[in-house]
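What follows draws every value from the coordinates through simple rules; no lab data is involved. Since this is a predicted model, take the numbers as computed values, not measurements. Note that we place each Cβ from the backbone using ideal geometry, even for glycine, and neighbour counts take in every protein chain shown.
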Amino acid sequence: MSERSAEDLLREARVVVQRGPFALAAWDPGAFDEIARGVAGVEGPVLLLRDDRETTALVREQHLGGLPPPHAVERGFCLLTLDVVLEWSVVGVLALVTKVLCEAGIPSGAFAAYSRDHLLVPAARLNDALKALGGLCNGVATLP
């Protein structure tokens, strides 16, 4: 068990911003292979997830046109990455982050890679989100 706390890890974390804009889209679960082929050559971050109800993809909005029409889509997100290797034994990292965003009235969505957590926030609320996270994290870096 780690002796580090969620607060300790977040004090080390830089928030890396990718403005996008990103879209989160959904298709029937059977569309997974077609969507996977469609995003295979896409540059930048891509999330692809299939569960028993749907296939979901996070891509830059400009790449949606190369995919079949989704049955649902939300647009206009920025992607925030907590740039620190998160230890799986540490409890509460995402809870702290989403709590400060919630207290600031900022809607967010979260997902995890193996070593990093990522958040979607509306582009119109990016500055508010960064201000809210400023007390938890160690600075901000912006990527194209």
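Please give the net charge around residue 116, taking every other residue with its beta carbon less than 15 angstrom from that of residue 116, where Lys and Arg add +1 and Asp and Glu add -1. Cβ neighbours under 15 Å give a net charge of -3.
Over the Cα atoms of the range 1-136, what is the Rg over Rh ratio if Rh follows Kirkwood?
1.00
Excluding residue 89 itself, calculate the net charge of residues whose Cβ lies under 14 Å from the Cβ of residue 89, where each Lys or Arg counts +1 and each Asp or Glu counts -1.
Numbers: positive: 4; negative: 3, 8, 87.
Combined, the nearby Lys, Arg, Asp and Glu give -2.
Near residue 62: Cβ cut-off under 13 Å, other residues only, Lys/Arg at +1 and Asp/Glu at -1. The net charge is +1. Take 120-128, 56-64, 104-112 and order them by the average number of nearby Cβ atoms within 10 Å per residue, most first; the result is 56-64, 120-128, 104-112.
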